[in-house]
Amino acid sequence: MNEPNDGPDGPGGDVGAMDHVRAAWRTPGGKILAVIPAVVALIVGGAVGTALGGGGGSTTTAGPPGPTVTVTAPGATSAISGDGGGTGATGDGAGTGTGTPTGTGTGSQPATPLTPNTTEIGVVPLSDLTPAGGAWKSQDANPMLNGTLQQFTIAQDLQDANNNGDVGYNLGRDYTKFTGLIGLDDNSAKSTLHPTIEIDGDGDKIATFTPTLGHPAQINLDVSGVLRLDIKYVSLDSDGIGSIAGTLILGNGQLTTVAGYHPPPPSSS
């Protein structure tokens with residue numbers, strides 16, 4: 001006697017389901033239809049497990065961060081003392097880095113010695129030089145030549161008698177040019193004076209001038225290599241009285257130095 005089959009929800013429901021699976025497995029496409037649900041169930045189960053923290057796989061542990069390495073450009077030269085810059089190597093994959101500071105700070109720089117200027121040219125008033133021989137003598141306190149007050153003057157009073165003189169200077173071969181203006185002071189008592197002035201260099205005549213009242217002579221002479229400069233004057237316009245007839249003026253007399261020569265300061269005398 002056959003037992004009655006239970007419904008799908010009865011005790012025999014599972015047996016019936018298994019019979020259907022076996023029957024489907026025996027059909028040509030049944031194996032595929034039976035495998036697909038199992039694969040889907042495996043994938044879904046793995047995804048859920050991973051989401052809940054139960055997923056597998058290798059565990060990666062991050063290492064501690066490596067020390068900070070500062071990479072700087074090579075230290076630049078500095079005018080003050082200090083440490084030079086350094087360079088550092090890049091860190092490796094484990095988070096460590098190595099660096100070796102390099103560079104040396106510069107200390108105080110020695111002062112650069114001043115180089116004498118060998119091309120500098122100066123001008124020295126003749127009145128700053130002390131005569132090596134002779135002397136100028138005058139009471140004229142307001143030297144005027146042709147209406148112009150003169151600067152850096154040397155002056156010689158001329159007696160109303162035959163008189164002469166020679167004033168010499170040691171140039172030391174340190175000058176190249178002698179310039180100035182020479183003549184009779186505008187306030188000279190005797191308007192007919194016409195003294196002769198001769199300028200010599202080391203005993204050789206360089207120039208001769210014969211100025212008159214209101215007509216001074218311009219001096220512009222080459223004295224290159226001259227050691228001794230002499231200024232000579234002769235006045236023969238005499239009435240024999242012996243009083244001061246006029247004053248010989250050398251205005252703005254100047255000497256141009258050779259390149260690089262620095263003359264000593266003028267004498268206090």
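Please treat every number below as a calculation from the coordinates, not as lab data. Everything numeric here is computed off the predicted structure, so don't read it as measured data. Methodologically, a virtual Cβ is constructed for each residue, glycine included, from the backbone with ideal geometry; neighbour enumeration extends over all protein chains shown.
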Remind me, relative contact order of the range 195-253 in percent, using alpha carbon pairs under 8 angstrom and six or more residues apart? 39
Mean separation of Cα contacts under 8 Å (at least 6 apart) over the residue count of the range 127-237, i.e. the relative contact order in percent, is 34
Dipole moment magnitude, nearest 20 debye, the range 162-215 about Cα centre, only Lys, Arg, Asp, Glu C-beta charged: 120
Starting from the Cα-Cα distance between residue 164 and residue 149, subtract it from 0.36 nm times their residue separation and give me the gain in nm to one decimal. 2.9 nm
Counting Lys and Arg as +1 and Asp and Glu as -1, each charge on the Cβ, what is the dipole of the range 187-231 about the Cα centre in debye, to the nearest 20? 280
With just the Cα atoms of the range 124-269, tell me how far they stretch along each of the three principal axes, in Å, largest first. 49, 29, 27
For the range 141-181, just the Cα atoms, rotate onto the principal axes and tell me the three extents in Å, largest first. 36, 28, 15
Within the set of other residues whose C-beta is less than 11 Å from the C-beta of residue 258, count the net charge using Lys and Arg as +1 and Asp and Glu as -1. 0
Under 11 Å from the Cβ of residue 232, count the other residues' Cβ atoms, weight Lys and Arg +1, Asp and Glu -1, and hand me the total. -3
Order by protection proxy (mean Cβ within 10 Å, highest first), peptides 120-127, 154-161: 154-161, 120-127
